[in-house]
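Encoded as C-alpha cells, the structure appears first; notes follow it.
Values quoted throughout were computed directly from the atomic coordinates according to the rules given, and no laboratory measurement underlies them. Just so we're clear, the structure is a prediction, and the values are computed from it rather than from any experiment. Virtual Cβ from ideal backbone geometry, glycine too; neighbours counted across all protein chains shown.
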Amino acid sequence: MTVVDEQSNTIRSGLARALDISVVIIVGVWHLAYVGPSLVLSIPAYRSAPVELVSWCVLAVLLALGSYRLLTARRLAAWPWTAAAVLATGAVAVSAVPGDEITGSANWAFGDVVLIGVLLVLRERLIAFGVVFLANIALNLAALTIGDHHLDRAVIARFVVIACADGIMIPSAVLLAARALDDVAAVAGSATRRRARSQADRQVADALHEDRRARYEALRSRVGPILDGLADGTLDADVADVQRRCAIEAARLRRLFAESDDVPDPLLHEIRACASAAERRGVLVELATAGHLPRLPLQVRRSLTEPVIEALAATGSWARITVYGEPDAVVVSAVGDCGGAADPLWLDARWDR
C-alpha cells in the first residue's frame with residue numbers, strides 16, 4: 001500500500017468514526033432522554049408495565065452492545081441475529097400496548113426499535129436496513145389491526161405518519177448520512193491522490209531541471225574555455241595537448257548524451273559512445289566484456305568511464321577496452337598505444353559494492 005492510499009484510508013476511517021460516534025450519541029440520547037420519560041408517563045396505559053420496563057432494558061443492552069461494536073470496530077454476531085433480537089424485543093413491547101395506543105406516545109418501541117436496529121446494522125449491507133424497517137412496520141401494523149377495534153381513516157392516517165417519520169425517515173437520514181460520508185471520503189481520497197501525484201510530478205520536473213542546469217554549468221566550465229581559446233587564437237588546434245583536451249571533452253559530450261538513453265546496459269552504452277568519439281579520429285577501438293554487469297548509479301558509471309576517456313584521448317591508432325562485471329564488483333580497463341610510445345598506456349577503474 002502506498003502512502004497516498006494510506007492517507008485516503010485515514011480520511012475514510014476518520015469520517016466513518018465520526019459518523020459512528022454521532023449515531024451512538026443520537027440513539028443513546030433518544031433511548032434515554034426521550035423514550036425513557038415516555039415510558040414512565042405511559043405506565044398506567046400498558047397492559048403490563050413490567051413487560052415494557054424489561055423490553056426497554058433489553059433494548060438498552062442491545063444499544064450498548066451495538067455502540068461497543070461500532071466504537072471498537074468489532075463484530076459481535078451476524079446481522080440477522082442482531083436484527084432478530086431487536087425486532088423480537090420490540091414485538092414484546094408492542095404486545096403490552098393497548099390497540100388504541102399503538103399510534104400514541106405509549107408505543108415508544110415503534111421508533112426506538114428502528115433506531116437501535118440502524119445502530120446494530122450500520123456497517124452491514126443495505127438489505128439489513130430494509131429488513132429492520134419493513135419488519136418493524138409489519139409488526140406494528142399487525143398489532144394495530146389485531147388490537148384496535150375502532151380502525152378508521154384518522155387512525156390509519158396517524159399510523160402512516162408515524163411509520164413514515166419514526167419508522168423510515170429518521171433512520172433513513174442516518175443511512176443517507178453514512179452513504180454521504182462515504183462519498184465525501186472517496187472524493188477526499190481522490191483529491192489526496194491527485195495532489196500527491198501533482199506534487200510528485202512537480203518534484204520530478206524540478207529534479208530534472210536542476211540536473212540539466214548542473215550538466216550545462218559543468219559543460220560550460222569545461223568546454224567554454226576551449227572554445228573561447230580556439231576562437232581568439234590563444235589555443236592552437238595543432239598542439240597535441242589541445243587536441244587531447246578536445247578529444248576528452250568530445251567523449252564526455254557523447255557520454256552525456258548517452259546517459260539519458262533507456263538501454264539494458266547503461267555502462268556499456270556510455271563506453272561505446274566514448275569509443276565512437278575516438279573512432280571518428282581514426283582510432284581502432286576493440287571492446288570486450290565478461291561477466292554480468294549490475295545496475296550502477298550515474299556517478300559510479302561516470303567514474304568508471306573517466307579512465308576510458310583519458311586513454312582514448314591519448315591513443316594514437318588503437319585501443320582495447322575490457323569490462324568485467326559481477327554482482328558486487330565492476331572493473332573497466334583501457335589500453336592504448338599512447339601516440340607511438342614504446343610502452344602502451346594502461347588505465348583502469350574498479351567499483352566494489
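Sorting 28-41, 126-139, 304-317, 203-216 by their mean Cβ neighbour count within 10 Å, with the most densely packed peptide first, gives 304-317, 126-139, 28-41, 203-216. Magnitude of the charge dipole for the chain, about its Cα centre and with charges confined to Cβ atoms of Lys, Arg (+1) and Asp, Glu (-1), is about 760 debye. For the stretch 236-352, the Cβ-based charge dipole about the Cα centre amounts to some 180 debye (Lys, Arg positive; Asp, Glu negative; other atoms uncharged). Under a 5 Å amide H cut-off, with hydrogens placed 1.01 Å from N, L287 pairs with I321 among residues at least 5 apart or on other chains. Close amide H pairs (under 5 Å, H built 1.01 Å from N) link E326 with H292, residues at least 5 positions away or on another chain. Here's the picture: charge each Lys and Arg Cβ at +1 and each Asp and Glu Cβ at -1 in the chain, and of V330, L41, P80 the one pushed furthest to the positive end of that dipole is L41.
For the stretch 303-353, the Cβ-based charge dipole about the Cα centre amounts to some 80 debye (Lys, Arg positive; Asp, Glu negative; other atoms uncharged). Work from the charge dipole of the chain (Cβ charges, +1 for Lys and Arg, -1 for Asp and Glu, about the Cα centre) and give the residue of I156, L268, P307 farthest towards its positive end. The residue sitting most towards the positive pole is I156. Taking every DSSP beta bridge that has both ends in the chain, the antiparallel portion is near 65%.
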